[in-house]
1. How large is the Kirkwood hydrodynamic radius of the stretch 299-359, counting all unique pairs of alpha carbons, in Å?
2. For the stretch 178-311, what does the accessible surface come to per residue with a 1.4 Å probe? Please give it in Å².
3. Rounded to a whole number, what % of the accessible area of the stretch 227-371 do carbon and sulfur atoms account for, probe 1.4 Å?
4. Please get the size of the charge dipole for the stretch 251-316, origin at its Cα centre, with Cβ charges of +1 on Lys and Arg and -1 on Asp and Glu, quoted in debye to the nearest 20.
5. Given R₀ = 25 Å, what would the calculated FRET efficiency be for residue 188 paired with residue 88, taking r from the Cβ atoms and rounding to 0.05?
6. ³J(HN,Hα) across the stretch 212-220 via Karplus (A = 6.51, B = -1.76, C = 1.60, θ = phi - 60°), whole Hz, x for Gly/Pro?
7. How large is ³J(HN,Hα), in whole Hz, for each residue of the stretch 39-52 in order, when computed from phi with the Karplus curve 6.51 cos²θ - 1.76 cosθ + 1.60 and θ = phi - 60°, using x for Gly and Pro?
8. Run the quick spin-label model on residue 77 and residue 56: label points 7 Å from Cα toward the beta carbon, then report their separation in nm to one decimal.
Amino acid sequence: MNWKRHTCGLAVAALALTLVACVAQPPGLQTAALVPGDLLSGERFGIGRDAAPPPVALTAVNEDMRAFLRQHVPAGLGPTRTIEMILQALLEDGLQLRYDNFRTFTAEEAFYQREGNCMSFTNLFVALAREAGVHARYQEVEIPPSWTADGETWMYNLHINALVKLPVGEQVVDFNLGDYDRDYKRRVLSDAEALARYHNNMGVHWMEQGDHERAFLHLRAALELRPRTAHVWTNLGTLYRRHGDLAAAESGYLRAVELGDDAAANSNLARLYAQLGEQELSAWYRDRVQLFRRRNPYYLFHLAEEAYARAEYGAARQLLLTAIRRESGEHEFYRLLGLTYLQQGDLAAAQSQFELASRHAGEEHQARYRNKLDLLATR
């Protein structure tokens, strides 16, 4: 099974749904020889303990950026109008930023490059908003996982946007609305957490470029900021695997499993043990990955989509009912269930499911379901 991280930048999310706490140990598993301190020493890359990537200030503002702000955002506006003017300047009147999911920049870099991913845009917006006196923070958004057509690649998503405090309430500022839904799980990030995600992104970036030393420095910096972040340990394990140090790779993956039962770490351990000829261990971790998948409502939804495409409507219905029991707030589940009932000729059940889909959907989706209900009423 392949694992890809389709993310804002390259930040990797630990799987939200974990197995119950008391998990049997795999057959023959021994305590890893390498402790976390060994993995972070840098010795295997010829890097000293004091080495570090260049200092990073995600939201630093220089004089060019201040001049841009003065030009496009008049002083004395309230926070709501101020953020509207900043967004207009970034996307239309001034910079006309271009979206690139694989480029992570600081605010200053994004200002000059005029491109970047959601983290790059958010860095720039937060920097300018704070400079204009608006209270802006980072917010992490958990995007549901999705699968490729063959079901073998699980893309787990993490998205970052900004949260602005207004005199009454708060407002989300998001530069990639296709990846955002107000019903997704969210949490505010500290600036230190955001910086850790930046270093993780850069670690994966340099790993993909084949620069293992630079990748290590960034991943170590991320773990120094947030040492218990499972997905960064998974990435560190992958870096060691690509570097040819399989013992260190195993230790990194095991640390990720210990901290968060990271699904990607389980999958990578299955592949690693297969490579080492440890077939019993490999099978044990493959079985755990299958448990993750079968317990995950979004994987069940993927299977239901496949069953629906094959006109196996009974199987699709049962899969969707199980998915809804595990995640009752996802409007897409009700939508497909409504279509399934429609194919089976049960118009009353279909209408009920479309009504539920509309109830759980955000405003941007509700017109779609109202139109479906209107069409049903004319049949």
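1. Numbers: mean 1/r = 0.0912 Å⁻¹.
For the stretch 299-359, the Kirkwood estimate is 11.0 Å.
2. On a per-residue basis, the stretch 178-311 sits at 40 Å².
3. Values: 2770 of 6180 Å².
Roughly 45 percent, rounded to a whole number.
4. Approximately 40 debye in magnitude.
5. Computed FRET efficiency for residue 188 and residue 88: 0.50.
6. Each residue's phi maps through the Karplus curve to give 5, 5, 5, 4, 4, 4, 6, 5, 5 Hz.
7. After applying 6.51 cos²θ - 1.76 cosθ + 1.60, I find 5, 9, 5, x, 4, 5, 10, x, 10, x, 5, 8, 5, 8 Hz.
8. Rounded to a tenth, the inter-label distance reads 3.0 nm.
The values are calculated or read from the model by the stated rules, or taken from the named source; none is laboratory data. Here the structure is a predicted model, which means the values were calculated and not measured. Don't worry about glycine lacking a Cβ; one is built from the backbone with ideal geometry, like all the others, and counts go over all protein chains shown. The accessibility values were calculated without ligands, DNA or RNA, using every heavy atom of the protein model including side chains. Shrake-Rupley method; radii C 1.70, N 1.55, O 1.52, S 1.80 Å.
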